[in-house]
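Q: My questions all concern the structure below.
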Amino acid sequence: MAEQFVGKASEFKDGERQIIQIGKREIGVFRHEGEFYAYSNICLHQGGPACEGLTIANVEERLRDDKTSMGLFFSEKDMNFVCPWHGYEYDMKTGEHISDRSQKLRKYEVLTKGDDVYVVA
Amino acid sequence: MSSPDRSSAKRTTAGAKLAKTSSAKTASVKVAPKARAAPSVANEPSPQEKADFVKAMSKGIQPNTEAARKVDAKKRAAPAQSEPAETVKILRKIPAPGAVVNTAASEEALRVAAMIEKALADGDLNCLQPHAQQALIGALCKLYAANSEVGNRFPVVGGRTAVTATDVMVMCGALLKAVDLQVFELGMWQSWSSN
């Protein structure tokens with residue numbers, strides 16, 4: 001595993017993504033709320049480009065004290081990304097599939113040294 | 001053409017030479033002879049040669065021998081190649097979703113929307129009286145249609161709110177009823193106008 005330079009943090013705006021290739025691996029690098037995340041760009045479902053679809057807030061159901069539903073809302077803090085092929089949805093922070101947490105995309109460590117961003121792959 | 005006897009004699013002579021060379025090599029560097037392929041019994045190494053061979057194999061290459069010098073020369077001539085460094089190739093850059101520009105009216109509308117959401121969450125359905133809801137719905141309906149007419153199309157519901165399918169059906173039905181339209185007419189208009 002080596003640190004691979006992928007770009008400057010100052011040129012990577014919040015909400016932007018880069019799809020990079022290191023050797024034979026295709027990796028999606030996200031910048032979300034100032035943090036960097038990198039995942040394999042191969043969907044667990046049928047191998048689609050998992051990191052290239054919509055980014056969308058997690059939908060959660062809010063409950064009153066008596067456990068009756070207040071309805072569905074977009075989460076204020078949890079963001080997901082969606083594979084454009086068949087809609088497999090993954091947690092931005094962990095790469096886990098949101099309805100089956102045992103399934104997750106391969107996560108790559110992202111290091112920032114000064115203004116430089118590296119992916120460990 | 002040579003006779004079978006003469007060719008076999010030649011093979012024997014060649015085999016003897018090879019055996020001689022191999023035994024010389026074994027003696028000097030204690031490395032296994034390679035020219036031992038001939039299947040004839042005459043080329044079979046002696047038990048002593050076999051024992052020497054096994055000893056040489058178990059001892060490995062000894063320093064200051066011809067074999068060690070050859071290995072050193074090979075190492076110097078062709079240094080071990082390290083794996084080529086993997087290069088990073090940027091395939092695509094996907095920009096962030098469009099930046100939101102807030103006008104004063106937008107901020108006011110967002111404040112009202114947040115207030116309505118909170119009231120709904122608290123179960124307060126009277127936060128906006130019907131005449132206020134009618135004014136808001138009517139104005140938003142006209143604004144959305146005017147934007148759509150000029151090609152400024154965007155999802156009617158977005159951002160950090162979610163409406164259910166039931167909410168949509170109730171609202172659409174009420175809007176159609178308000179202007180005395182049937183669902184059939186809506187479908188016909190959509191298919192004719194490609195909207």
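The values are calculated or read from the model by the stated rules, or taken from the named source; none is laboratory data. The structure displayed is predicted, hence computed values, not measured ones. Neighbour counts run over all protein chains shown; Cβ positions are idealised from the backbone, glycine included. For accessibility, only protein heavy atoms count, side chains too; no ligands or nucleic acids. Shrake-Rupley method; radii C 1.70, N 1.55, O 1.52, S 1.80 Å.
Q: Restricting attention to the stretch A:62-71, which residues are open to solvent by 50 Å² or more (accessible area, probe 1.4 Å) and either within 17 Å of B:Thr164 (Cβ to Cβ) or among the β-branched types (Val, Ile, Thr) (or both)? Give the derivation first.
A: Step one: filter the stretch A:62-71 for residues open to solvent by 50 Å² or more (accessible area, probe 1.4 Å), giving A:62-70.
Hits for the stretch A:62-71 are A:Arg62, A:Leu63, A:Arg64, A:Thr68, A:Ser69, A:Met70.
Q: In the stretch A:1-118, which strands (runs of 3 or more DSSP E) lie fully inside it and hold 1 or more residues that are within 11 Å of chain B (Cβ to nearest Cβ)?
A: On the way: elements: A:3-8, A:17-22, A:25-32, A:35-40, A:55-63, A:69-82, A:89-91, A:107-113.
Where strands (runs of 3 or more DSSP E) fall fully within the stretch A:1-118 and carry at least 1 residues being within 11 Å of chain B (Cβ to nearest Cβ), they are A:3-8, A:17-22, A:25-32, A:55-63, A:69-82.
Q: Which of the residues spanning the stretch B:115-132 are within 12 Å of chain A (Cβ to nearest Cβ) and either among the small types (Gly, Ala, Ser) or in a helix (DSSP H, G or I) (or both)?
A: Residues satisfying the conditions are B:Glu117, B:Lys118, B:Ala119, B:Leu120, B:Ala121, B:Gly123.
Q: Just the residues that are open to solvent by 60 Å² or more (accessible area, probe 1.4 Å) and in contact (Cβ under 8 Å) with a residue 12 or more places away in the chain, please, taken from the stretch B:122-136.
A: Within the stretch B:122-136, B:Leu136 is the sole residue that qualifies.
Q: Out of curiosity, is A:His45 surrounded by fewer than 17 Cβ atoms within 10 Å (Cβ to Cβ) and either in contact (Cβ under 8 Å) with a residue 24 or more places away in the chain or within 20 Å of A:Lys13 (Cα to Cα) (or both)? Give the steps one after another, and end with the answer.
A: On the way: surrounded by fewer than 17 Cβ atoms within 10 Å (Cβ to Cβ): yes; either in contact (Cβ under 8 Å) with a residue 24 or more places away in the chain or within 20 Å of A:Lys13 (Cα to Cα) (or both): yes.
For A:His45, the condition - surrounded by fewer than 17 Cβ atoms within 10 Å (Cβ to Cβ) and either in contact (Cβ under 8 Å) with a residue 24 or more places away in the chain or within 20 Å of A:Lys13 (Cα to Cα) (or both) - is met.
Q: Quickly run through the stretch B:171-184 and pick out the residues that are assigned to a helix (DSSP H, G or I) and exposed (fewer than 12 other Cβ atoms within 10 Å of the Cβ). Please lay out each step first, then the result.
A: To start, the set of residues in the stretch B:171-184 that are assigned to a helix (DSSP H, G or I) comprises B:171-178, B:183-184.
Result: B:Gly173, B:Ala174, B:Lys177, B:Val183, B:Phe184.
Q: Same structure again: Condition first: at pLDDT below 85 and either touching a Gly at 6+ places or on another chain (Cβ under 7 Å) or in a helix (DSSP H, G or I) (or both). Now tell me which residues in the stretch B:76-114 satisfy that.
A: Those that are at pLDDT below 85 and either touching a Gly at 6+ places or on another chain (Cβ under 7 Å) or in a helix (DSSP H, G or I) (or both): B:Arg76, B:Ala77, B:Glu86, B:Ala96, B:Pro97.
Q: Moving on. Quick check on my filter: what residues within the stretch A:72-115 are touching a helix residue (DSSP H, G or I) at 6+ places or on another chain (Cβ under 7 Å), open to solvent by less than 50 Å² (accessible area, probe 1.4 Å) and of a type outside the set (Ser, Thr, Tyr)?
A: A:Phe81, A:Cys83, A:Leu105
Q: Just to be sure, is A:Lys67 more than 19 Å from the chain's Cα centre (by Cα) and charged (D, E, K, R)? Explain how you work it out, then say what you get.
A: Values: more than 19 Å from the chain's Cα centre (by Cα): yes; charged (D, E, K, R): yes.
Against the criterion (more than 19 Å from the chain's Cα centre (by Cα) and charged (D, E, K, R)), A:Lys67 qualifies.
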